[in-house]
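Read-outs throughout are calculated quantities, based only on the coordinates presented, and are distinct from any laboratory measurement. Fair warning: this is a prediction, and the values are worked out from it, not measured in the lab. Cβ atoms come from the backbone with ideal geometry, glycine included; neighbour counts cover every protein chain shown.
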Amino acid sequence: MFKKFFWMCSGADPELLSHCTKAEQIKQAGIGGTVFFTAVMAFIAASYALYTVFDTIWIAVFFGLIWGLLIFNLDRFIVSTIKKQDNFKQEALQAFPRIILAVIIAVVISKPLELKIFEKEIDRVLLEEKNQMTLDNKEQLALQYTPAVTKLEEEISNLKEEITLKEAEVNALYDTYIAEAEGREGTLKIGKGPVYKEKREKHDASLAALQELRESNEALIAKKQQAIAGLQLEYADKVKTSQPVIERFDGLMARVNALDALPWLPSFFIFLLFLAIETTPIFAKLLAPRGEYDIKLQDLEDTAGVWAAQKAYQRNQQQTTDAAINDKVYEDLKEDEELYRYKRSKAREIMQFQADAFYNQQKAVSD
């Protein structure tokens, strides 16, 4: 059962192959087995690649199966269309486009499996990229909020500086009227005279203004600090919202790019492995000597070609003979007097009928 299945995979004619030697049957079964297991590897590779895209195993398996069947059909077609002709150059020229196609298929098959084999290394590269993307994202979002926060902080600093300056002014007035009372400055008289009273009133007025300024500025400062807190909260919310997008940065293209960041030699050898698997049936056909199956198949094709040529020749001869007979028949009828008199009488009747019809029509119009 497996032998006939692999014959089918190789694209060989089972009935014709059953009459060949055991060695020929084994050779064709080996070619078919290579085609089959290449399709299996294509199915596994495509399923994993699509799983990284859809994150759903059933969808990945379904489309992976379609891809595996497509690769199976292509490989089977490639192998079955290479004919052994005892002319290596002509066979190689015939196989060259198929080898190019095999290389493309090998690349497509090997890449998803490389992603799976180097999954841990790729995850490390992706983690580094995600961390860097997180930092870049925070910096970019901060550019939207930093100017506004900086402006508010400068305004708060200015308001605090106003309070500080006013406090220095009040303190200076305090020192002035105390010095006046102690006789160290001003009138140089100890005691609370009119000058002391005047300086004390000036200090008290400035202190009241300081208190009023402090209350108004602290209210403004609290409002601006609340605005800064709101901006910081909005910034943190945007960072939190955009972080899941970064965390999901592990799709197929991201993994392929991460794989390219790894050393190329291991990936190259894996590609060579699949290239060898994919091109093995083709090179097996090219390098194998012309076998019994190839001879019998060529004989059947030649027989069919000769039979088709004979049928075409017979159809052409039949058409030529029939045309010659028809020409001769019509040439003889041209001299037949009886046929001439018969057609003359019928033509006369037709002309009489047309004349009568025309007369009746004209008469009806006149009446």
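Could you grab the relative contact order for the stretch 141-296? Cα pairs under 8 Å, six or more apart, rounded to a whole percent.
24 percent
Determine the dipole magnitude for the chain: charges of +1 sit on the beta-carbon of Lys and Arg, -1 on that of Asp and Glu, nothing else is charged, the reference point is the Cα centre, and the result goes in debye to the nearest 20. Before the final figure, lay out each step's value.
Details: 45 positive and 54 negative charges, 194 e Å.
Dipole magnitude for the chain comes out near 940 debye.
If you split all Cα-Cα distances of the stretch 242-353 into 5 Å bins from zero, what percentages do you get per bin, shortest first?
The distribution over the stretch 242-353 is 2, 7, 6, 7, 6, 6, 6, 5, 5, 6, 5, 5, 5, 4, 4, 4, 4, 4, 5, 4, 1, 0, given as percents.
May I ask you to list the lysines whose Cα is less than 18 Å away from that of K197, ignoring any residue fewer than eight positions away on the same chain?
Of all the lysines, those that pass the test against K197 - Cα under 18 Å, at least 8 places apart if same chain - are K189.
I want to verify a result. In a Gaussian network model of the chain, Cα cutoff 10 Å, which of these has the top mean-square fluctuation: Q318, Q225, Q354?
Between Q318, Q225, Q354, it is Q354 that shows the largest mean-square fluctuation.
Using Cα-only point scatterers and the Debye equation, what is log10 of I(q)/I(0) for the stretch 134-249 at each q in 0.13 Å⁻¹, rounded to two decimals?
Log10 I(q)/I(0), no solvent term: -0.67.
³J(HN,Hα) across the stretch 93-101 via Karplus (A = 6.51, B = -1.76, C = 1.60, θ = phi - 60°), whole Hz, x for Gly/Pro?
5, 5, 8, 4, x, 6, 5, 4, 5
Please sort 205-217, 37-49, 16-28 by packing, taking for each peptide the average over its residues of neighbouring beta carbons within 10 angstrom, highest first.
Sorting 205-217, 37-49, 16-28 by mean packing, highest first, produces 37-49, 16-28, 205-217.
Determine the relative contact order of the chain: mean sequence separation of Cα pairs under 8 Å and six or more apart, normalised by residue count, in whole percent.
23 percent
From the helices alone, meaning DSSP H stretches of at least four residues, give me the mean residue ellipticity at 222 nm for the chain, per-run term -39500 (n - 2.57), in deg cm²/dmol to the nearest 500.
-31500 deg cm²/dmol
Rounded to two decimals, what ratio of Rg to Rh does the stretch 1-142 give with C-alpha atoms and a Kirkwood Rh? Intermediate results must be reported in sequence, preceding the final value.
Details: Rg = 21.6 Å, Rh = 18.1 Å.
Computed over Cα atoms, the ratio is 1.19.
Tabulate in residue order the Karplus-calculated ³J(HN,Hα) for the stretch 199-204, using 6.51 cos²θ - 1.76 cosθ + 1.60 with θ = phi - 60°, rounded to whole Hz; enter x for Gly and Pro.
Once θ is set to phi - 60°, the couplings for the stretch 199-204 become 5, 5, 5, 5, 5, 5 Hz.
Regarding the stretch 88-129, what whole-number volume in Å³ per residue does the convex hull of its Cα atoms give?
Once divided by residue count, the hull of the stretch 88-129 is 78 Å³.
Just subtract the alpha-carbon distance of D260 and A276 from 0.36 nm times their residue separation and send over the number in nm, one decimal.
3.6 nm
I'd like the orientation of helix 57-80 relative to the chain: the angle between its Cα long axis and the longest Cα principal axis, in ° from 0 to 90, rounded to 10.
Approximately 40 degrees, to the nearest 10.
How far is helix 337-366 tilted off the main Cα axis of the chain, in degrees rounded to 10, range 0 to 90?
The two axes meet at around 50 degrees.
Can you tell me which lysines have their Cα less than 20 Å from the Cα of K346? Leave out same-chain residues fewer than eight positions away.
K334
Report, in listed order, any pair from K3/K116; K160/K223; K130/K151; K138/K223; K4/K89 with a Cα-Cα distance greater than 21 Å.
Table pairs above 21 Å Cα-Cα are K3/K116; K130/K151; K138/K223; K4/K89.
For the stretch 1-59, go through all pairs of different Cα atoms, get the mean of 1/r, take its inverse, and jot down that Kirkwood value in Å.
For the stretch 1-59, inverting the mean 1/r across all distinct Cα pairs yields 12.9 Å.
State the Kirkwood hydrodynamic radius of the stretch 308-366 in Å, one decimal place, computed from all pairs of distinct Cα atoms.
By the Kirkwood definition, the hydrodynamic radius is 15.7 Å.
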